[in-house]
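Structure record follows, encoded as structure tokens.
Please treat every number below as a calculation from the coordinates, not as lab data. Quick caveat, the model's predicted, so the values are computed rather than measured. When we count neighbours, we look across all protein chains shown, and the Cβ atoms used for this are built from the backbone with ideal geometry, even at glycine.
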Amino acid sequence: MTEKALYYEDVNVGDELPPLVKEITSVSMVMYAAATWDFHRYHHDGDYARGKGMRASFLDGQEMGGFLAQQVVDWAGTDATLKRLAFRYTNFVFGGDTLTCKGRVSSKSEEGGQGMVECELWIENQKGERVLDQGKAKVALPTRGKA
């Protein structure tokens, strides 16, 4: 997480967010299911998932939203506010996959006295394939003298 404040004035369109890497394991998938009370068998029972035609158990897609939220908040810092997050899944993620969350600043504006920054976001697997795209985040950053 950004230890010092990230100010609106210091952000430029085209700036890249630091990538966030996540190793997906069967244990992490079960832990997420437990934390969210989403125990659908697709996410923890490999035999069940294979019986339904899948390669193996697969990641609950909402967890990828959590990864993106973490990436944005880690970049923006504790003085920022994540206002909106949206995304679209494009591929399944399985245990053993490595995901890299990526993003860049796509626009800046001032709204109601706040510095608003919009970011485009996506997630790639270890093969460089996008497993999530069309991600967008809107973040309110402090402005100088108004932190």
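The table that follows gives values for the structure above.
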{"read-out": "Nearby lysines by direct alpha-carbon distance to K108 (threshold 22 angstrom, same-chain neighbours under 8 apart not counted)", "value": "K4, K83, K136, K138, K146"}
{"read-out": "The chain, relative contact order [Cα under 8 Å, separation at least 6], %", "value": "31 percent"}
{"read-out": "Listed residues A76, A34, A49, most fluctuating in the chain (Gaussian network, C-alpha, under 10 Å)", "value": "A34"}
{"read-out": "C-alpha long axis of helix 26-36 to longest principal axis of the chain, angle in °", "value": "60 degrees"}
{"read-out": "Coarse-grained scattering of the chain at q = 0.15, 0.17, 0.20, 0.21 Å⁻¹, given as base-10 log I(q)/I(0) from a Debye sum over alpha-carbon atoms", "value": "-0.76, -0.91, -1.13, -1.20"}
{"read-out": "Other-chain or far-sequence residues with amide H under 5 Å of V131's (modelled H)", "value": "I123, E124, N125"}
{"read-out": "Of every Cα-Cα pair in region 1-51, the percent that sits beyond 14 Å", "value": "69 percent"}
{"read-out": "Label-point separation in nm, T81 to M54, each point 7 Å along Cα→Cβ", "value": "3.7 nm"}
{"read-out": "Local electrostatic count at T98 - Lys and Arg +1, Asp and Glu -1, tallied over other residues with Cβ under 11 Å", "value": "-1"}
{"read-out": "Residue-by-residue Karplus 3J(HN,Hα) for region 58-63, coefficients 6.51, -1.76, 1.60, Hz, glycine and proline x", "value": "10, 5, 5, x, 4, 5"}
{"read-out": "Phi to ³J(HN,Hα) by Karplus 6.51 cos²θ - 1.76 cosθ + 1.60 over region 108-115, Hz, x for Gly, Pro", "value": "9, 7, 10, 9, x, x, 10, x"}
{"read-out": "Residue-wise HN-Hα coupling along region 125-131, computed from phi with Karplus coefficients 6.51, -1.76, 1.60 (Hz; x: Gly, Pro)", "value": "8, 5, 8, x, 7, 6, 9"}
